[in-house]
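Novice: The structure under discussion is supplied below as structure tokens; questions concerning it will follow.
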Amino acid sequence: MDKTACTLILAALAALLGGCGSGSSAPVAATPPPVSAPLTPTVPTAPTGVADTSGARGALLFNPPPLEQSLDPAGLAQALGRLGTAGAQILTAAGQPKCSVDFHHFEYSTVGAAGETTTASGSLMVPSGADPACSGKRPLLMYGHGSSALRNVRLGDLTPGAPYAETSATAAALYAAQGYIVIAPNYAGYDTSTLAYHPHQVAEQQAKDMIDALTAARKAFAKLPHPVTESGKLFLTGHSEGGYVTMATHRAMQAAGVSVTAAAPMSGRYAEGASYEATLGSAEAQRALTQLYGIAMLEFPLQFTAWQKAYGNLYAAPTELYQPAYAASIETLAPTLTPISTLIATGKLPPHLLANDMPGYASLPAAEQAAYGTPAQSLLQSRYVAALLDDIAAHPCPATSAVAPLDCASRHPMRNAWFKNDLRTWVPTAPVLMCGGHGDPKVPFFNATLTQAYFNAHGVGAGLVTVLDVDTPVLANDPYAGAKNLFAEARRLVVAANGNPADPANYHGYMAFAGCNVAARDFFKTYQ
């Protein structure tokens, strides 16, 4: 296996097992321009509003929610400038802000993967100002962020270096500053949430989380310093895990009779079963598992814990899946506030993912054997992994079928979990744009094309679902010329900074993120 192939497989595996994150970072090798004045870090404001401690889904814990900061158009442009290359590109793509934006931090009641009562938080971005786009009845947009193994995700924080600062800036500049009311949940398990884990890509829970955030935020609209009123238009979008969450939420809202104007899931793993089956079913990918380390390794328990909490059958005790030295604390290890290096140094994470008692280890070349540890130095129990891989081989599933991709005879609980969360189970009745790039090494583009094929095979209306590859040339009268040009410019900046455009952080987290966010904005303009 050549180095490039190995890199792509590693990226795919990291994405499959929890790493679908995107902080929309600037090119890895780029150096941001000097900052003339530091941005004062956001200091959380103590809640003073009326408290709702009922625990009912969609309860707004404090009404009105605290105002974290308020930026006029010039102030928002300056905040974007402090984010370096990425911020300048966001401002260019969005255009000059029309509205001032109030950033409110709101907290709400929702449920975890097991249905347990918990809390979550988010950012409510509210436009105001003299421009006609900033007053009167406003469209509402929900924005889903990418996943993170780190707990301190706080949307609405534009401080340089803050987790998801560029994602927050994108939602603010493209939408709130142009007149949208923006609701950007942090999800259960992040920020101030009382949940000790994150229900990563558990579709039912994440849709409930988003719907509860919408219910709670709406309760604040009339009590804000700048009260807002909805126009009746509801848009959904998000990137990476946020793309997955967007589609899961659209599906749930449609089933509940909630009217969605249009949705633009971006670079999400909607065809989850196909992703796992195609990647883990290959011998090359199985060998590549041995190379994962540090934060990539932490993404495994992030996902496994979510499935265990949701279904309760991945194992009877953590020691069935994890080596005893790590099993006791593993379910509360991610998301974490502890640096990954500290987790490794203190023995919370081992140096190896797989152990040398895996079947077939003795027949491997010495160079490959070196990537395996002893059972005491490894995270996963070999017999568990072997049983999973055996089930894939023994019970093939039609995961790429357009007609019945989930018609599977799997007998393994983990495999059943990823099929349960595959989103090819419905047909949208509102317009959908699925955007991504065909070269994405983190979330393969087939997630969009397979999902579109399923929709088409099950009677989706003509022209209702569009798949956009931003990594393609601009066509004559191309409605997404701006998105494609931005993707190309992002690639140029990566190369100019001596970065690798095929690197997952650059392609998925920067280039596709930039292009697809502009595509979503342009798509929504059609339905305002």
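The values are calculated or read from the model by the stated rules, or taken from the named source; none is laboratory data. The model shown is predicted, which means the values in this text are computed figures rather than measured ones. Neighbour counts run over all protein chains shown; Cβ positions are idealised from the backbone, glycine included.
Novice: Quick one: what pairs do we get from the stretch 199-212, first residue closer than 18 Å to Phe235 by Cβ and in the same structural domain as Ala252 (by TED's automatic domain parsing), second at pLDDT 95 or above and part of a helix (DSSP H, G or I), C-beta under 6 Å, 6+ apart or different chains?
Specialist: Correct list of pairs: Gln206/Val245; Gln206/Ala248; Ala207/Ala248; Ala207/Thr249; Ala207/Ala252; Met210/Thr249.
Novice: For residues in the stretch 504-528 being over 24 Å from Ile181 (Cα atoms) and hydroxyl-bearing (Ser, Thr, Tyr), which is surrounded by the fewest Cβ atoms within 10 Å (Cβ to Cβ)? Lay out the reasoning, then the answer.
Specialist: Going residue by residue through the stretch 504-528, those that are over 24 Å from Ile181 (Cα atoms) are 504-512.
If we keep only those that are hydroxyl-bearing (Ser, Thr, Tyr) too, we end up with 507, 510.
On the way: Tyr507: 26, Tyr510: 31.
Step by step, filter the stretch 504-528, then rank; the result is Tyr507.
Novice: Please go through (1) modelled with pLDDT of 50 or more; (2) outside any loop (DSSP other than H, G, I, E, B) for Ala15 and return the number of the only condition it doesn't satisfy.
Specialist: All conditions pass for Ala15, except number (1).
Novice: Now for a separate question. Could you tell me whether the stretch 482-503 includes any residue that is closer than 30 Å to Glu230 by Cα and either surrounded by fewer than 19 Cβ atoms within 10 Å (Cβ to Cβ) or not assigned by TED's automatic domain parsing to the domain that holds Ala88 (or both)?
Specialist: Residues of the stretch 482-503 closer than 30 Å to Glu230 by Cα: 482-483.
Still in the list and also either surrounded by fewer than 19 Cβ atoms within 10 Å (Cβ to Cβ) or not assigned by TED's automatic domain parsing to the domain that holds Ala88 (or both): 482.
Checked against the condition, which is being closer than 30 Å to Glu230 by Cα and either surrounded by fewer than 19 Cβ atoms within 10 Å (Cβ to Cβ) or not assigned by TED's automatic domain parsing to the domain that holds Ala88 (or both), the stretch 482-503 yields at least one hit.
Novice: Let me spell it out: the conditions are (1) within 21 Å of Asp390 (Cα to Cα); (2) part of a helix (DSSP H, G or I); (3) in contact (Cβ under 8 Å) with a residue 12 or more places away in the chain, and Leu343 meets all of them except one. Which number is the exception?
Specialist: It is condition (1) that Leu343 fails.
Novice: Under 8 Å between Cβ atoms, at least 6 apart or on separate chains: pull out the pairs that start in the stretch 350-367 with a residue that is farther than 20 Å from Tyr293 by Cβ and without any contact (Cβ under 8 Å) to a residue 60 or more places away in the chain and end on any residue that is assigned to a helix (DSSP H, G or I) and not polar (S, T, N, Q).
Specialist: Hits for this filter: Pro359/Ala386.
Novice: Would you say Gly81 is surrounded by fewer than 24 Cβ atoms within 10 Å (Cβ to Cβ) and either touching an Asp or Glu at 6+ places or on another chain (Cβ under 6 Å) or modelled with pLDDT of 95 or more (or both)? If you could, list the steps in order and put the result at the bottom.
Specialist: Working: surrounded by fewer than 24 Cβ atoms within 10 Å (Cβ to Cβ): yes; either touching an Asp or Glu at 6+ places or on another chain (Cβ under 6 Å) or modelled with pLDDT of 95 or more (or both): yes.
Yes.
Novice: Have a look at Gln323, Gln308, Gln286 and point out the one that is farther than 21 Å from His508 by Cβ, crowded, with 18+ Cβ neighbours inside 10 Å, modelled with pLDDT under 95 and of a type outside the set (Gly, Ala, Ser). Break it down stepwise before answering.
Specialist: Details: Gln323 fails: modelled with pLDDT under 95; Gln308 fails: modelled with pLDDT under 95.
That would be Gln286, the only listed residue that is farther than 21 Å from His508 by Cβ, crowded, with 18+ Cβ neighbours inside 10 Å, modelled with pLDDT under 95 and of a type outside the set (Gly, Ala, Ser).
Novice: Looking at Ser100, Ser128, Ser123 in this structure, which one is closer than 23 Å to Gly509 by Cα, touching a Ser or Thr at 6+ places or on another chain (Cβ under 9 Å) and either of a type in the set (Gly, Ala, Ser) or surrounded by fewer than 24 Cβ atoms within 10 Å (Cβ to Cβ) (or both)? Step through it out loud before you land on a result.
Specialist: Numbers: Ser100 fails: closer than 23 Å to Gly509 by Cα; Ser128 fails: closer than 23 Å to Gly509 by Cα.
None of the other options fit; the residue is Ser123.
Novice: Can you name the condition, by its number, that Gly232 falls short on among (1) closer than 27 Å to Tyr527 by Cα; (2) within 21 Å of the chain's Cα centre (by Cα); (3) small (Gly, Ala, Ser)?
Specialist: The number of the failed condition is (2).
Novice: Sticking with this one: Go through (1) modelled with pLDDT of 95 or more; (2) over 21 Å from His250 (Cα atoms); (3) among the hydrophobic types (A, V, I, L, M, F, W, C) for Ala149 and report which single condition fails.
Specialist: Against the list (1) modelled with pLDDT of 95 or more; (2) over 21 Å from His250 (Cα atoms); (3) among the hydrophobic types (A, V, I, L, M, F, W, C), Ala149 comes up short only on (1).
Novice: Which of the residues that make up the stretch 130-158 are over 26 Å from Thr261 (Cβ atoms) and either in contact with a strand residue (DSSP E or B) (Cβ under 9 Å, 6 or more places away or on another chain) or part of a strand (DSSP E or B) (or both)?
Specialist: Ala149, Leu150, Arg151, Arg154, Asp157, Leu158
Novice: Can you name every residue in the stretch 326-339 that is of a type outside the set (S, T, N, Q), surrounded by fewer than 19 Cβ atoms within 10 Å (Cβ to Cβ) and either within 19 Å of His200 (Cβ to Cβ) or more than 21 Å from the chain's Cα centre (by Cα) (or both)? Reasoning before the result, please.
Specialist: Restricting attention to the stretch 326-339, the residues satisfying the condition of being of a type outside the set (S, T, N, Q) are 326-328, 330-331, 333-335, 337, 339.
From what's left, surrounded by fewer than 19 Cβ atoms within 10 Å (Cβ to Cβ): 327-328, 331, 337, 339.
Hits for the stretch 326-339 are Ala327, Ala328, Glu331, Leu337.
Novice: Taking only the stretch 412-469 into account, find how many residues are crowded, with 17+ Cβ neighbours inside 10 Å, of a type in the set (Val, Ile, Thr) and in contact (Cβ under 8 Å) with a residue 60 or more places away in the chain.
Specialist: Total satisfying the criteria: 3.
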